[in-house]
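Worksheet: the structure to be examined is printed underneath.
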Amino acid sequence: MNDLFENVPPGGPDAAELPAEDPPRRGRREHRRAAEARRRRRRRRTGIVMTLTFVLVVAVVAFAVPNVRDLLSNRPSAAQDYPGPGSGEVSVVIGEGYTGNDMGVELEKQDVVASVRAFTKAFAENVNASRIQPGTYTLPQKIPARDAVAALLDPANKAEITITVPEGFHASQVYDRIANVAGVPLADVQAAAADPAAIALPAEAGGNPEGWLAAATYSFEPGDDAAAMLRTMVALTVSRLDERGVPADQRQAVLTKASIVEREVNLPEYYGQVARVIENRLADTGQVAGRLQMDSTVVYGLGRVGGVPSSAELADASNPYNTYTHPGLPPTPIGAPGTAAIDAVVHPPAGDWMYFVTVNFDTGETKFAATLAEHNANVAQLRASMRQGG
(Lines give C-alpha, C1' and ligand atoms only; values in the text may rest on other atoms or scores of the structure.)
Protein backbone atom coordinates (compact mmCIF):
# COMPACT_ATOMS: atom_id res chain seq x y z
CA MET A 1 0.00 0.00 0.00
CA ASN A 2 2.73 2.45 0.71
CA ASP A 3 4.41 1.58 -2.57
CA LEU A 4 1.34 2.44 -4.61
CA PHE A 5 0.91 6.04 -3.41
CA GLU A 6 4.39 7.17 -2.57
CA ASN A 7 4.90 9.01 -5.95
CA VAL A 8 1.45 10.67 -6.13
CA PRO A 9 1.74 14.48 -5.86
CA PRO A 10 -0.09 16.29 -3.10
CA GLY A 11 -3.71 17.01 -3.94
CA GLY A 12 -4.46 13.75 -5.67
CA PRO A 13 -3.61 12.09 -8.93
CA ASP A 14 -5.09 14.88 -11.08
CA ALA A 15 -3.07 17.64 -9.50
CA ALA A 16 -0.12 17.06 -11.76
CA GLU A 17 -2.17 18.20 -14.84
CA LEU A 18 -3.15 21.67 -13.50
CA PRO A 19 -1.17 24.72 -14.68
CA ALA A 20 1.18 26.40 -12.38
CA GLU A 21 -1.15 29.51 -12.17
CA ASP A 22 -3.25 30.04 -9.14
CA PRO A 23 -6.73 28.55 -9.94
CA PRO A 24 -8.79 31.17 -7.99
CA ARG A 25 -7.31 34.06 -9.99
CA ARG A 26 -8.23 32.53 -13.34
CA GLY A 27 -11.80 31.99 -12.20
CA ARG A 28 -12.18 35.63 -11.20
CA ARG A 29 -11.04 36.83 -14.68
CA GLU A 30 -13.53 34.65 -16.49
CA HIS A 31 -16.26 35.85 -14.17
CA ARG A 32 -15.46 39.48 -14.98
CA ARG A 33 -15.55 38.83 -18.73
CA ALA A 34 -18.94 37.14 -18.47
CA ALA A 35 -20.30 39.99 -16.37
CA GLU A 36 -19.08 42.59 -18.89
CA ALA A 37 -20.72 40.70 -21.74
CA ARG A 38 -23.99 40.62 -19.82
CA ARG A 39 -23.77 44.39 -19.20
CA ARG A 40 -23.20 45.05 -22.91
CA ARG A 41 -26.22 42.98 -23.81
CA ARG A 42 -28.32 44.86 -21.27
CA ARG A 43 -27.18 48.24 -22.66
CA ARG A 44 -28.10 47.21 -26.23
CA ARG A 45 -31.51 46.05 -25.13
CA THR A 46 -32.04 49.28 -23.17
CA GLY A 47 -31.00 51.42 -26.18
CA ILE A 48 -33.38 49.59 -28.50
CA VAL A 49 -36.24 49.91 -26.02
CA MET A 50 -35.57 53.63 -25.53
CA THR A 51 -35.43 54.24 -29.31
CA LEU A 52 -38.69 52.40 -29.88
CA THR A 53 -40.26 54.29 -26.99
CA PHE A 54 -39.13 57.67 -28.44
CA VAL A 55 -40.50 56.85 -31.89
CA LEU A 56 -43.77 55.76 -30.35
CA VAL A 57 -44.04 58.96 -28.30
CA VAL A 58 -43.32 61.14 -31.36
CA ALA A 59 -45.95 59.28 -33.38
CA VAL A 60 -48.51 59.65 -30.61
CA VAL A 61 -47.79 63.40 -30.27
CA ALA A 62 -47.90 63.94 -34.04
CA PHE A 63 -51.28 62.27 -34.16
CA ALA A 64 -52.71 63.68 -30.98
CA VAL A 65 -51.77 67.37 -31.19
CA PRO A 66 -53.58 68.15 -34.50
CA ASN A 67 -56.61 66.21 -33.36
CA VAL A 68 -56.68 67.96 -30.00
CA ARG A 69 -56.42 71.27 -31.85
CA ASP A 70 -59.20 70.29 -34.21
CA LEU A 71 -61.32 69.06 -31.31
CA LEU A 72 -60.88 72.36 -29.47
CA SER A 73 -61.80 74.30 -32.64
CA ASN A 74 -64.76 72.04 -33.38
CA ARG A 75 -63.16 70.85 -36.60
CA PRO A 76 -62.50 67.38 -37.97
CA SER A 77 -58.93 66.11 -38.07
CA ALA A 78 -56.68 67.02 -40.97
CA ALA A 79 -57.11 63.54 -42.40
CA GLN A 80 -60.87 64.09 -42.56
CA ASP A 81 -63.08 66.63 -44.34
CA TYR A 82 -66.17 68.62 -43.55
CA PRO A 83 -69.26 66.59 -44.44
CA GLY A 84 -71.20 69.68 -45.52
CA PRO A 85 -73.51 71.21 -46.47
CA GLY A 86 -71.83 74.25 -44.90
CA SER A 87 -73.15 77.45 -43.39
CA GLY A 88 -72.46 81.14 -43.20
CA GLU A 89 -70.61 83.20 -45.78
CA VAL A 90 -67.11 84.59 -46.08
CA SER A 91 -64.99 86.47 -48.63
CA VAL A 92 -61.85 84.71 -49.83
CA VAL A 93 -59.14 86.34 -51.95
CA ILE A 94 -57.36 84.08 -54.45
CA GLY A 95 -54.21 85.90 -55.50
CA GLU A 96 -52.49 85.95 -58.87
CA GLY A 97 -50.34 82.84 -59.33
CA TYR A 98 -51.77 80.95 -56.34
CA THR A 99 -51.06 77.22 -56.30
CA GLY A 100 -53.53 74.65 -54.99
CA ASN A 101 -51.67 74.64 -51.68
CA ASP A 102 -51.82 78.47 -51.49
CA MET A 103 -55.56 78.32 -52.04
CA GLY A 104 -55.90 75.62 -49.40
CA VAL A 105 -54.04 77.73 -46.85
CA GLU A 106 -56.36 80.68 -47.46
CA LEU A 107 -59.49 78.52 -47.42
CA GLU A 108 -58.48 76.79 -44.20
CA LYS A 109 -57.74 80.17 -42.61
CA GLN A 110 -61.26 81.33 -43.48
CA ASP A 111 -62.72 77.97 -42.29
CA VAL A 112 -64.13 77.19 -45.72
CA VAL A 113 -62.41 73.79 -45.73
CA ALA A 114 -61.27 71.62 -42.83
CA SER A 115 -57.65 71.42 -43.89
CA VAL A 116 -55.11 72.26 -46.54
CA ARG A 117 -54.55 68.54 -47.08
CA ALA A 118 -58.22 67.88 -47.84
CA PHE A 119 -58.33 70.76 -50.32
CA THR A 120 -55.13 69.90 -52.17
CA LYS A 121 -56.38 66.32 -52.56
CA ALA A 122 -59.68 67.58 -54.03
CA PHE A 123 -57.78 70.10 -56.17
CA ALA A 124 -55.62 67.32 -57.65
CA GLU A 125 -58.68 65.18 -58.39
CA ASN A 126 -60.53 67.93 -60.33
CA VAL A 127 -59.25 68.18 -63.92
CA ASN A 128 -60.53 71.77 -64.21
CA ALA A 129 -58.95 73.06 -61.00
CA SER A 130 -56.13 74.79 -62.87
CA ARG A 131 -58.75 77.10 -64.42
CA ILE A 132 -59.53 78.79 -61.11
CA GLN A 133 -59.08 82.53 -61.63
CA PRO A 134 -57.64 85.06 -59.19
CA GLY A 135 -60.15 87.32 -57.51
CA THR A 136 -62.44 87.68 -54.51
CA TYR A 137 -64.99 84.91 -53.94
CA THR A 138 -68.00 84.70 -51.65
CA LEU A 139 -68.10 81.16 -50.26
CA PRO A 140 -69.94 79.27 -47.52
CA GLN A 141 -67.91 78.00 -44.56
CA LYS A 142 -67.42 74.39 -43.42
CA ILE A 143 -67.96 72.76 -46.81
CA PRO A 144 -66.38 69.60 -48.30
CA ALA A 145 -63.11 70.30 -50.08
CA ARG A 146 -64.46 69.05 -53.42
CA ASP A 147 -67.33 71.56 -53.10
CA ALA A 148 -64.82 74.34 -52.43
CA VAL A 149 -62.98 73.55 -55.67
CA ALA A 150 -66.29 73.53 -57.58
CA ALA A 151 -67.31 76.83 -55.96
CA LEU A 152 -64.09 78.51 -57.06
CA LEU A 153 -64.72 77.35 -60.62
CA ASP A 154 -68.23 78.87 -60.61
CA PRO A 155 -68.14 82.51 -61.88
CA ALA A 156 -71.33 83.20 -59.93
CA ASN A 157 -69.32 83.04 -56.70
CA LYS A 158 -66.82 85.65 -57.78
CA ALA A 159 -67.49 88.85 -55.88
CA GLU A 160 -66.89 91.32 -58.68
CA ILE A 161 -68.09 94.81 -59.46
CA THR A 162 -69.12 94.96 -63.12
CA ILE A 163 -69.24 98.41 -64.70
CA THR A 164 -70.17 98.97 -68.33
CA VAL A 165 -69.20 102.18 -70.11
CA PRO A 166 -71.28 102.40 -73.31
CA GLU A 167 -69.92 104.01 -76.47
CA GLY A 168 -70.55 107.76 -76.44
CA PHE A 169 -70.81 108.10 -72.66
CA HIS A 170 -69.66 111.46 -71.29
CA ALA A 171 -67.10 111.42 -68.51
CA SER A 172 -69.72 112.74 -66.08
CA GLN A 173 -71.93 109.77 -66.93
CA VAL A 174 -69.02 107.42 -66.21
CA TYR A 175 -68.52 109.06 -62.80
CA ASP A 176 -72.19 108.62 -61.95
CA ARG A 177 -72.11 104.97 -62.98
CA ILE A 178 -69.03 104.21 -60.86
CA ALA A 179 -70.66 105.88 -57.87
CA ASN A 180 -73.95 104.03 -58.33
CA VAL A 181 -72.60 100.57 -59.11
CA ALA A 182 -69.50 100.48 -56.91
CA GLY A 183 -71.03 102.42 -54.04
CA VAL A 184 -68.21 104.98 -54.11
CA PRO A 185 -69.17 108.56 -53.16
CA LEU A 186 -69.48 110.67 -56.31
CA ALA A 187 -67.24 113.32 -54.75
CA ASP A 188 -64.47 110.72 -54.44
CA VAL A 189 -64.83 109.75 -58.09
CA GLN A 190 -64.72 113.37 -59.21
CA ALA A 191 -61.69 114.05 -57.00
CA ALA A 192 -59.84 111.09 -58.51
CA ALA A 193 -60.72 112.24 -62.04
CA ALA A 194 -59.30 115.69 -61.24
CA ASP A 195 -55.91 114.17 -60.37
CA PRO A 196 -54.19 113.26 -63.68
CA ALA A 197 -51.30 111.52 -61.91
CA ALA A 198 -53.63 109.32 -59.85
CA ILE A 199 -55.35 107.96 -62.95
CA ALA A 200 -52.22 107.95 -65.16
CA LEU A 201 -53.79 110.37 -67.65
CA PRO A 202 -51.36 111.13 -70.53
CA ALA A 203 -50.12 114.71 -70.81
CA GLU A 204 -51.74 115.17 -74.23
CA ALA A 205 -55.17 114.96 -72.55
CA GLY A 206 -54.53 118.34 -70.98
CA GLY A 207 -55.75 117.20 -67.57
CA ASN A 208 -59.26 116.37 -68.85
CA PRO A 209 -60.24 112.66 -68.88
CA GLU A 210 -63.11 113.23 -71.33
CA GLY A 211 -62.82 110.69 -74.14
CA TRP A 212 -60.06 108.75 -72.34
CA LEU A 213 -62.39 106.53 -70.29
CA ALA A 214 -62.62 103.63 -72.72
CA ALA A 215 -66.02 102.24 -73.64
CA ALA A 216 -65.99 98.64 -72.38
CA THR A 217 -67.28 96.32 -69.65
CA TYR A 218 -64.99 96.13 -66.62
CA SER A 219 -64.71 93.76 -63.66
CA PHE A 220 -63.32 95.31 -60.50
CA GLU A 221 -62.56 93.79 -57.12
CA PRO A 222 -64.44 94.88 -54.00
CA GLY A 223 -62.28 97.49 -52.36
CA ASP A 224 -60.91 98.96 -55.58
CA ASP A 225 -61.04 102.73 -55.24
CA ALA A 226 -62.22 105.25 -57.82
CA ALA A 227 -58.69 106.11 -58.92
CA ALA A 228 -57.95 102.44 -59.67
CA MET A 229 -61.12 102.13 -61.76
CA LEU A 230 -60.48 105.28 -63.77
CA ARG A 231 -56.84 104.32 -64.19
CA THR A 232 -57.90 101.01 -65.72
CA MET A 233 -60.17 102.80 -68.20
CA VAL A 234 -57.47 105.25 -69.24
CA ALA A 235 -54.97 102.42 -69.63
CA LEU A 236 -57.34 100.59 -71.98
CA THR A 237 -57.66 103.69 -74.16
CA VAL A 238 -53.89 104.08 -74.34
CA SER A 239 -53.56 100.41 -75.22
CA ARG A 240 -56.11 100.69 -78.02
CA LEU A 241 -54.39 103.72 -79.51
CA ASP A 242 -50.97 102.06 -79.27
CA GLU A 243 -52.27 98.91 -80.96
CA ARG A 244 -53.35 101.08 -83.90
CA GLY A 245 -50.04 102.88 -84.09
CA VAL A 246 -51.41 106.30 -83.15
CA PRO A 247 -48.52 108.63 -82.20
CA ALA A 248 -48.78 110.29 -78.81
CA ASP A 249 -49.13 113.76 -80.31
CA GLN A 250 -52.17 112.60 -82.34
CA ARG A 251 -54.01 110.70 -79.62
CA GLN A 252 -56.20 113.60 -78.50
CA ALA A 253 -57.20 114.48 -82.07
CA VAL A 254 -58.05 110.86 -82.89
CA LEU A 255 -60.19 110.52 -79.77
CA THR A 256 -61.94 113.82 -80.46
CA LYS A 257 -62.81 112.85 -84.02
CA ALA A 258 -63.88 109.35 -82.98
CA SER A 259 -66.11 110.73 -80.23
CA ILE A 260 -67.90 112.91 -82.79
CA VAL A 261 -68.33 109.95 -85.13
CA GLU A 262 -69.78 107.96 -82.21
CA ARG A 263 -72.38 110.63 -81.40
CA GLU A 264 -73.38 111.62 -84.91
CA VAL A 265 -74.64 108.26 -86.29
CA ASN A 266 -76.03 105.11 -84.72
CA LEU A 267 -74.93 102.54 -87.30
CA PRO A 268 -71.25 101.50 -87.56
CA GLU A 269 -71.68 101.07 -91.30
CA TYR A 270 -71.60 104.88 -91.58
CA TYR A 271 -68.65 105.51 -89.25
CA GLY A 272 -66.06 105.56 -92.03
CA GLN A 273 -67.97 108.06 -94.15
CA VAL A 274 -68.55 110.40 -91.19
CA ALA A 275 -64.83 110.19 -90.39
CA ARG A 276 -64.08 111.17 -93.98
CA VAL A 277 -66.51 114.11 -93.77
CA ILE A 278 -64.63 115.36 -90.69
CA GLU A 279 -61.29 115.16 -92.50
CA ASN A 280 -62.66 116.89 -95.61
CA ARG A 281 -64.21 119.72 -93.61
CA LEU A 282 -61.09 120.34 -91.53
CA ALA A 283 -59.08 120.65 -94.74
CA ASP A 284 -61.66 122.77 -96.62
CA THR A 285 -61.05 126.46 -97.12
CA GLY A 286 -64.08 127.20 -99.30
CA GLN A 287 -67.56 125.78 -98.58
CA VAL A 288 -67.26 125.36 -94.82
CA ALA A 289 -63.89 127.01 -94.11
CA GLY A 290 -62.78 124.34 -91.65
CA ARG A 291 -66.01 124.32 -89.64
CA LEU A 292 -67.35 120.87 -88.70
CA GLN A 293 -70.91 122.13 -88.07
CA MET A 294 -71.82 119.12 -85.90
CA ASP A 295 -74.88 119.31 -83.65
CA SER A 296 -73.31 116.79 -81.25
CA THR A 297 -70.50 119.14 -80.29
CA VAL A 298 -72.87 122.06 -79.71
CA VAL A 299 -75.10 119.95 -77.46
CA TYR A 300 -72.09 118.74 -75.49
CA GLY A 301 -70.97 122.33 -74.91
CA LEU A 302 -74.44 123.09 -73.58
CA GLY A 303 -74.07 120.35 -70.98
CA ARG A 304 -76.71 118.10 -72.49
CA VAL A 305 -76.49 114.43 -73.41
CA GLY A 306 -78.70 114.53 -76.50
CA GLY A 307 -81.27 116.49 -78.42
CA VAL A 308 -81.11 119.06 -81.22
CA PRO A 309 -79.74 122.59 -80.68
CA SER A 310 -81.96 125.55 -81.45
CA SER A 311 -81.12 128.21 -84.04
CA ALA A 312 -80.07 130.57 -81.25
CA GLU A 313 -77.80 127.92 -79.74
CA LEU A 314 -76.22 127.27 -83.14
CA ALA A 315 -75.39 130.97 -83.43
CA ASP A 316 -73.94 131.29 -79.91
CA ALA A 317 -70.21 131.77 -80.31
CA SER A 318 -69.65 131.80 -76.55
CA ASN A 319 -69.92 128.01 -76.60
CA PRO A 320 -66.35 126.78 -77.29
CA TYR A 321 -67.80 123.49 -78.58
CA ASN A 322 -69.97 125.29 -81.17
CA THR A 323 -68.40 123.96 -84.37
CA TYR A 324 -70.84 126.04 -86.41
CA THR A 325 -69.05 129.20 -85.33
CA HIS A 326 -65.57 127.89 -84.44
CA PRO A 327 -63.43 126.14 -87.10
CA GLY A 328 -61.36 123.09 -86.29
CA LEU A 329 -61.83 120.45 -83.62
CA PRO A 330 -63.57 121.25 -80.34
CA PRO A 331 -61.38 121.63 -77.22
CA THR A 332 -61.78 117.99 -76.09
CA PRO A 333 -63.50 114.77 -77.09
CA ILE A 334 -67.24 114.73 -76.40
CA GLY A 335 -67.57 111.18 -75.11
CA ALA A 336 -66.04 107.73 -75.01
CA PRO A 337 -65.49 106.35 -78.52
CA GLY A 338 -65.62 102.64 -79.21
CA THR A 339 -63.03 100.74 -81.20
CA ALA A 340 -65.10 100.83 -84.40
CA ALA A 341 -65.20 104.64 -84.33
CA ILE A 342 -61.46 104.82 -83.61
CA ASP A 343 -60.75 102.47 -86.51
CA ALA A 344 -62.88 104.60 -88.80
CA VAL A 345 -60.88 107.71 -87.89
CA VAL A 346 -57.51 105.97 -88.21
CA HIS A 347 -58.42 104.51 -91.61
CA PRO A 348 -61.23 106.59 -93.18
CA PRO A 349 -62.38 105.55 -96.67
CA ALA A 350 -61.69 107.73 -99.67
CA GLY A 351 -64.52 110.11 -100.68
CA ASP A 352 -65.44 113.73 -101.35
CA TRP A 353 -68.37 113.92 -98.92
CA MET A 354 -68.83 117.20 -97.09
CA TYR A 355 -72.35 116.74 -95.71
CA PHE A 356 -74.55 114.01 -94.24
CA VAL A 357 -78.00 113.76 -92.73
CA THR A 358 -80.00 110.92 -91.22
CA VAL A 359 -83.15 110.75 -93.32
CA ASN A 360 -84.95 108.02 -91.37
CA PHE A 361 -84.77 108.02 -87.59
CA ASP A 362 -86.45 104.60 -87.37
CA THR A 363 -83.90 102.78 -89.53
CA GLY A 364 -80.96 105.13 -89.07
CA GLU A 365 -80.58 105.53 -92.83
CA THR A 366 -78.05 108.29 -93.50
CA LYS A 367 -77.22 110.02 -96.79
CA PHE A 368 -73.95 111.73 -97.71
CA ALA A 369 -73.35 114.54 -100.20
CA ALA A 370 -70.38 116.34 -101.72
CA THR A 371 -72.22 119.61 -102.43
CA LEU A 372 -74.63 121.80 -100.55
CA ALA A 373 -77.26 121.32 -103.25
CA GLU A 374 -77.17 117.54 -102.83
CA HIS A 375 -77.31 117.95 -99.09
CA ASN A 376 -80.34 120.25 -99.27
CA ALA A 377 -82.14 117.63 -101.34
CA ASN A 378 -81.41 115.04 -98.65
CA VAL A 379 -82.64 117.41 -95.95
CA ALA A 380 -85.86 117.90 -97.88
CA GLN A 381 -86.32 114.13 -97.86
CA LEU A 382 -85.89 114.13 -94.08
CA ARG A 383 -88.49 116.85 -93.63
CA ALA A 384 -90.96 115.05 -95.86
CA SER A 385 -90.43 111.87 -93.81
CA MET A 386 -91.00 113.77 -90.60
CA ARG A 387 -94.22 115.28 -91.89
CA GLN A 388 -95.51 111.87 -92.89
CA GLY A 389 -94.65 110.48 -89.52
CA GLY A 390 -96.29 113.37 -87.67
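The values are calculated or read from the model by the stated rules, or taken from the named source; none is laboratory data. Source: prediction; values computed, not measured. Here Cβ is always computed from backbone atoms with ideal geometry, including for glycine, and neighbour counts include all displayed protein chains.
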Subset of the range 196-214 [surrounded by 15 or more Cβ atoms within 10 Å (Cβ to Cβ) and of a type outside the set (Phe, Trp, Tyr)]: Pro196, Ala198, Ile199, Leu201, Pro202, Ala205, Asn208, Pro209, Glu210, Gly211, Leu213, Ala214
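Table: residues versus (1) assigned to a loop (DSSP other than H, G, I, E, B); (2) surrounded by 12 or more Cβ atoms within 10 Å (Cβ to Cβ).
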residue	(1), (2)
Glu279	no, yes
Gly306	yes, no
Ala317	yes, no
Thr325	yes, yes
Val357	no, yes
Ala377	no, yes
Run down Arg146, Arg131 and say which single residue is more than 22 Å from Thr332 (Cα to Cα), basic (Lys, Arg) and in contact (Cβ under 8 Å) with a residue 24 or more places away in the chain. Arg146
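Conditions (1) surrounded by 21 or more Cβ atoms within 10 Å (Cβ to Cβ); (2) assigned to a loop (DSSP other than H, G, I, E, B); (3) modelled with pLDDT of 90 or more, marked per residue:
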site	(1), (2), (3)
Pro85	no, yes, no
Gly88	no, no, no
Gly97	no, yes, no
Met103	yes, no, yes
Glu106	no, no, yes
Asp111	no, yes, yes
Ala124	no, no, yes
Tyr137	yes, no, yes
Arg146	no, no, yes
From Ala197, Ala289, Ala214, Ala228, grab the single residue that is free of Cβ contacts under 8 Å to residues at least 12 places away in the same chain, assigned to a loop (DSSP other than H, G, I, E, B) and small (Gly, Ala, Ser). Ala197
Starting from residues that are closer than 25 Å to Gly303 by Cα and of a type in the set (Ser, Thr, Tyr), keep the ones in the range 148-182 and report whichever is surrounded by the fewest Cβ atoms within 10 Å (Cβ to Cβ). Thr164
Condition first: under 27 Å from Ser91 (Cβ atoms) and of a type in the set (S, T, N, Q). Now tell me which residues in the range 145-182 satisfy that. Asn157, Thr162, Thr164, Asn180
